[in-house]
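A short write-up of the structure that comes next.
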Amino acid sequence: MRRAAVTVVLATLGLASTLLSACGSGGGDGNTLTLVTHDSFAVSDDVFAEFTEQTGVEVEVLPSGDAGAAINQVILTKDDPLGDVFFGLDNTFLTRATEEGVFARYESPELAAVPDQYELDPRHRVTPIDRGDVCINYDKAYFADNGLPVPQTLDDLTRPEYRGLLVTENPATSSPGLAFLLATVAQFGEDGWRDYWERLRANDVQVVAGWEEAYNGEFSAGEGQGDQPLVVSYASSPPAAVFFSDPQPAESPIGTVLASCFNQIEFAGVLEGTDNERAARELVDFMLSERFQEDIPLNMFVFPVRDGVLLPDVFVQFAEVPPEPLTLDPDEIGDNRDRWIEEWTDTVLR
Amino acid sequence: MDRHRAALARAALLAVPVAFVAVFFAYPVATIVGRGLWPDGHLDLEPLGKVATDAELREVVWFTLWQAALSTVLTVLVALPGAYVLARYDFPGRRLLWAAVTVPFVLPTVVVGSAFRGLLEDDGPLGALGLEQSLAAILIAHVFFNYAVVVRTVGGLWSHLDPRQEEAARVLGASRWQAFRAVTLPALRPAIAAAASIVFLFTFTSFGVILILGGPRYATLETEIYRQTVDLLNLPLAAALAIVQVLAVVALLLVSARAQGRRAEALRLRAAGEVVRRPEGPRQRALLAANLGVMALLLGVPLAVLVERSFSVPGGYGLGAYRELGEVRRGTSLFVPPVEAIRNSLVFAAVATVIAVTVGALAAFALAARGRDRSPRATGRGVEMLLMLPLGVSAVTVGFGFLVALDEPPLDLRGSAALIPIAHALVAVPFVVRVMTPVLRAIDDGLRESAAVLGASPARVWREVDLPIVARAALVAAGFAFAISLGEFGATIFIARPDYPTLPVVIFRLLGQPGALNFGAAMAASTILMALTAIAIFAIERFRVGTVGEF
């Protein structure tokens with residue numbers, strides 16, 4: 001029996017060591033860059049191949065949980081970084097990462113092609129890569145069938161005819177949920193937003209944990225055929241709903257309430273302590289190149305930040321872009337975010 | 001047998017499991033908790049004080065405990081009769097059902113959540129009950145997920161119990177209920193306690209069910225640790241909550257150890273083939289029918305909803321969603337050929353199963369041996385507890401612990417795919433131990449001794465007496481480990497790792513984007529995951545060893 005045990009142990013150790021050597025551990029050697037990112041990151045296979053062709057450097061992608069989990073992992077490991085470049089920090093969490101000193105300063109020459117409004121970090125620790133808007137989407141069929149006008153403003157949502165029609169996400173557990181909370185802060189100010197949410201609550205707003213539950217579960221134009229015709233989602237949801245249908249409809253089944261949109265910008269940065277700073281900078285440049293920027297819309301369903309990038313047809317036809325999305329200064333978000341979430345919880349859930 | 005040598009042998013057996021859990025669990029968790037408690041190099045106990053005094057946090061701790069206790073009691077009550085009929089009654093499709101009850105266990109919460117919501121929402125079939133976003137929805141989902149734990153852990157032992165003992169009690173005038181209480185229940189007690197403690201730990205650390213089915217008003221220790229770590233990066237408070245979690249788990253395990261009895265009695269175990277029989281008379285047939293009905297309603301209906309959705313296409317039914325799994329849309333890298341995801345899932349599951357069964361079986365042997373000779377019990381208890389702890393500690397804590405602890409050679413595993421099967425094995429080891437130990441302890445010493453008296457060598461005694469029963473238990477345990485790994489999603493999501501998407505990961509990504517095609521493909525992938533699980537477990541358990549190779 002003991003001999004059997006010894007054999008088994010040896011076999012396991014052998015197996016474990018083969019596994020370890022087969023998989024290797026990320027980063028480090030001169031010809032591979034590790035891109036630490038969140039689980040929603042996506043890019044066409046041949047795009048990074050092109051980067052490798054240009055520079056001789058391969059890119060290994062390390063998905064590390066949702067956006068919050070990924071950036072916190074980077075902060076926790078700043079003395080011994082997980083990789084060379086990070087992608088996926090957005091303006092709602094910008095200051096947490098920049099203040100921790102996890103990013104090395106780098107001003108990419110490609111920024112010349114990016115409108116100034118997206119460069120939220122004047123010290124260039126992070127570089128804008130894509131942008132999108134969190135907006136209220138509506139079910140076109142519902143409003144047409146019921147002869148109800150589509151709400152035009154955030155205030156409209158508190159009117160009796162829209163009672164119980166809106167589903168949103170908990171800002172404590174969801175990124176679009178947080179963005180919508182920030183939209184109401186931007187709209188109604190520090191003194192007014194809680195009052196607004198009290199009115200929304202009185203008008204039976206429904207709150208769920210995350211986007212999947214809201215869109216696929218509760219939204220009447222979503223796949224679960226839920227009950228609510230208004231949902232907090234993205235300005236890119238109308239084109240996505242068309243793109244992922246077969247056959248593709250001539251018109252998107254959902255629309256966007258443009259006055260409800262909050263601007264989200266995603267950034268990349270060179271991680272402080274990388275032993276391959278030159279290649280890491282080249283990767284940031286590459287992510288701003290037309291090749292990469294063009295690939296963004298159909299992979300991550302957000303917009304490129306670079307000017308003059310050709311958008312896919314489905315975006316041109318079906319995406320409504322808010323002319324003046326709501327926004328807040330990243331420093332103001334950083335100073336108040338946790339308190340706002342806390343107060344929101346008190347106002348809406350308790 | 002020389003007691004000294006026996007103790008040494010036990011220590012040798014225990015060394016591997018203890019080292020495994022120490023390196024891949026205790027050390028990372030201690031490191032991350034240490035960071036929280038010693039933020040600037042000096043000890044800060046204020047967050048711990050906050051947990052003890054803050055009314056809201058106390059409420060969270062209290063809710064976590066009682067919802068887990070209630071879920072456990074409900075699961076045991078609903079599943080025990082199911083374990084009985086599956087262990088004792090012979091009927092067509094029994095073996096397949098034994099494998100199929102495990103399916104819910106592997107499904108990602110987000111998928112099951114969508115099926116339950118479909119049933120419970122206002123205009124759904126069960127909408128009239130008004131259970132959407134309620135405690136009842138949480139409890140039903142917990143029973144749904146954990147039914148298999150009780151059925152398989154308890155049923156595994158029940159199918160080997162000699163029914164003649166209960167029959168003897170009946171002949172001596174005991175009522176059915178008296179005979180069950182006096183004979184069968186004590187024999188099953190260790191297995192019931194083992195299953196209940198696992199169910200408790202699972203529901204104690206439940207995350208997705210609470211958020212998705214309970215709604216935003218419910219918070220448990222697990223959701224709060226997630227919030228403090230991932231949303232607020234408040235490591236001191238997260239560490240304090242993690243300590244509370246560990247203390248609660250240790251307290252529970254002490255209670256459960258008591259419930260298992262001072263010393264498991266050796267039972268008369270028989271081959272399952274000799275125990276199982278066709279139901280006789282209306283009473284037995286009614287019992288069988290009632291339990292099959294419960295399984296169909298509780299497990300079958302939500303699963304059927306998913307399967308139905310996977311076949312629905314605009315205007316009817318078809319294979320559109322399955323075709324979509326193979327479709328490349330504009331070369332997006334979100335796309336993973338399903339074959340590749342299936343292969344990744346199977347490889348990780350196979351490796352995790354080998355690790356878990358090896359580590360768990362060594363521990364089970366040592367723990368069972370401890371029960372037979374009269375050696376100090378404290379060490380064994382401690383080890384048993386250590387092995388159970390990974391089930392009761394937050395996945396966020398372990399994942400972030402890996403990150404800060406395993407960053408130097410020889411253990412520079414950050415960013416290595418090897419962490420995935422290791423994390424899966426950590427969750428599976430407690431199952432292996434809990435399934436195997438009661439069976440090993442129950443092997444009748446009398447049988448061993450007679451074999452030895454008849455001149456069999458120790459090796460032969462082991463081969464002829466222990467091995468067949470052990471192998472049976474090991475296969476049941478392996479089935480569990482495999483299923484856990486196939487379905488595991490929560491723990492691995494926090495580990496930075498190169499991208500080898502498994503089926504649950506593919507499902508999650510598909511559900512993360514709007515559009516009918518993505519949703520249909522997610523349902524199709526879930527259906528494939530279900531089928532794969534049932535087939536894998538069925539195949540593993542058909543693998544016959546010795547004469548006790550049934551069930």
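Numerical summary
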| quantity | calculated |
| --- | --- |
| Test: residue in the range B:452-465 that is among the small types (G, A, S), away from chain A (no Cβ under 13 Å) and in contact with a His (Cβ under 8 Å, 6 or more places away or on another chain) | no |
| Selected residue (criterion: nearest to the other protein chains (Cβ to nearest Cβ)) from residues of the range B:207-239 that are of a type in the set (S, T, N, Q) and more than 19 Å from B:V249 (Cα to Cα) | B:T229 |
| Check on B:L252, in contact with a helix residue (DSSP H, G or I) (Cβ under 7 Å, 6 or more places away or on another chain) and within 11 Å of chain A (Cβ to nearest Cβ) | no |
| Residues of the range A:245-262 classified as in contact with a Leu (Cβ under 7 Å, 6 or more places away or on another chain) and surrounded by 24 or more Cβ atoms within 10 Å (Cβ to Cβ), total | 3 |
| Residue match in the range A:130-145 (condition: away from every other protein chain (no Cβ under 13 Å), crowded, with 20+ Cβ neighbours inside 10 Å and touching a Gly at 6+ places or on another chain (Cβ under 6 Å)) | yes |
| Residue within the range B:218-233 that is assigned to a loop (DSSP other than H, G, I, E, B) and among the hydroxyl-bearing types (S, T, Y) present | yes |
| Odd one out for B:T203 among (1) over 21 Å from the mean Cα position of the chain (by Cα); (2) touching a residue at least 24 places away in the same chain (Cβ under 8 Å) | (1) |
| Residue match in the range B:316-326 (condition: over 30 Å from B:R176 (Cβ atoms), touching a residue at least 12 places away in the same chain (Cβ under 8 Å), among the basic types (K, R) and in a helix (DSSP H, G or I)) | no |
| Any hit, the range B:234-248, residues being assigned to a loop (DSSP other than H, G, I, E, B) and either at pLDDT 90 or above or open to solvent by 30 Å² or more (accessible area, probe 1.4 Å) (or both) | yes |
| Condition broken by A:A250, with the remaining ones in (1) more than 11 Å from chain B (Cβ to nearest Cβ); (2) modelled with pLDDT under 95; (3) touching a Ser or Thr at 6+ places or on another chain (Cβ under 7 Å) satisfied | (3) |
| When residues of the range B:32-49 are limited to those that are in a helix (DSSP H, G or I) and open to solvent by 40 Å² or more (accessible area, probe 1.4 Å), the one farthest from B:G399 (Cα to Cα) | B:E46 |
| Only one of A:R123, A:R163 that is in contact with an Asp or Glu (Cβ under 6 Å, 6 or more places away or on another chain) and surrounded by fewer than 15 Cβ atoms within 10 Å (Cβ to Cβ) | A:R163 |
| Residues of the range A:120-146 classified as of a type in the set (F, W, Y) and not in a helix (DSSP H, G or I), total | 1 |
| Test: residue in the range B:187-206 that is more than 10 Å from chain A (Cβ to nearest Cβ) and open to solvent by 40 Å² or more (accessible area, probe 1.4 Å) | yes |
| From B:P92, B:P125, residue being at negative phi, in a loop (DSSP other than H, G, I, E, B) and within 14 Å of another protein chain (Cβ to nearest Cβ) | B:P125 |
| Positions within the range B:50-88 being polar (S, T, N, Q) and open to solvent by less than 60 Å² (accessible area, probe 1.4 Å), in sequence order | B:T64, B:Q67, B:S71, B:T72, B:T75 |
| Residue check, B:R164 among the charged types (D, E, K, R) and over 21 Å from B:V143 (Cα atoms) | yes |
| Subset tally (residues that are in a helix (DSSP H, G or I) and more than 16 Å from B:L233 (Cβ to Cβ)) for the range A:323-335 | 3 |
| Selection status of A:A268, within 14 Å of another protein chain (Cβ to nearest Cβ), outside any loop (DSSP other than H, G, I, E, B) and buried (at least 24 other Cβ atoms within 10 Å of the Cβ) | no |
| Residue list for the range B:504-513, restricted to those being open to solvent by 10 Å² or more (accessible area, probe 1.4 Å) and at the interface with another protein chain (Cβ under 9 Å from one of its Cβ atoms) | B:V505, B:F508, B:R509, B:G512, B:Q513 |
| Close pairs (8 angstrom Cβ cut-off, 6 or more residues apart or separate chains): closer than 17 Å to A:N137 by Cβ and assigned by TED's automatic domain parsing to the domain that holds A:Q293 in the range A:315-332, open to solvent by 80 Å² or more (accessible area, probe 1.4 Å) and of a type in the set (A, V, I, L, M, F, W, C) anywhere | none |
| Residue check for A:D116: acidic (D, E), open to solvent by 40 Å² or more (accessible area, probe 1.4 Å) and either under 22 Å from the mean Cα position of the chain (by Cα) or over 28 Å from A:E251 (Cβ atoms) (or both) | yes |
| Helices (runs of 4 or more DSSP H) contained in the range B:404-479 and holding at least 1 residues within 20 Å of B:I198 (Cα to Cα) and open to solvent by 10 Å² or more (accessible area, probe 1.4 Å) | B:419-442 |
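Residue by residue, here is whether (1) polar (S, T, N, Q); (2) at pLDDT 75 or above holds:
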{"residue": "B:L269", "(1), (2)": "no, no"}
{"residue": "B:R277", "(1), (2)": "no, yes"}
{"residue": "B:E280", "(1), (2)": "no, yes"}
{"residue": "B:L287", "(1), (2)": "no, yes"}
{"residue": "B:A290", "(1), (2)": "no, yes"}
{"residue": "B:G293", "(1), (2)": "no, yes"}
{"residue": "B:L299", "(1), (2)": "no, yes"}
{"residue": "B:G315", "(1), (2)": "no, yes"}
{"residue": "B:S333", "(1), (2)": "yes, no"}
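For every residue, the table says whether it meets (1) of a type outside the set (A, V, I, L, M, F, W, C); (2) at pLDDT 95 or above; (3) over 19 Å from A:V43 (Cα atoms).
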residue	(1), (2), (3)
A:L258	no, yes, yes
A:F262	no, yes, yes
A:I265	no, yes, no
A:G269	yes, yes, no
A:E282	yes, yes, no
A:L288	no, yes, no
A:L298	no, no, no
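The values are calculated or read from the model by the stated rules, or taken from the named source; none is laboratory data. The structure displayed is predicted, hence computed values, not measured ones. Positions of Cβ are generated from backbone atoms using ideal geometry, with glycine treated the same way; all protein chains shown enter the neighbour counts. Surface areas here come from the heavy atoms of the whole protein model, side chains and all, with no ligands, DNA or RNA. Shrake-Rupley method; radii C 1.70, N 1.55, O 1.52, S 1.80 Å.
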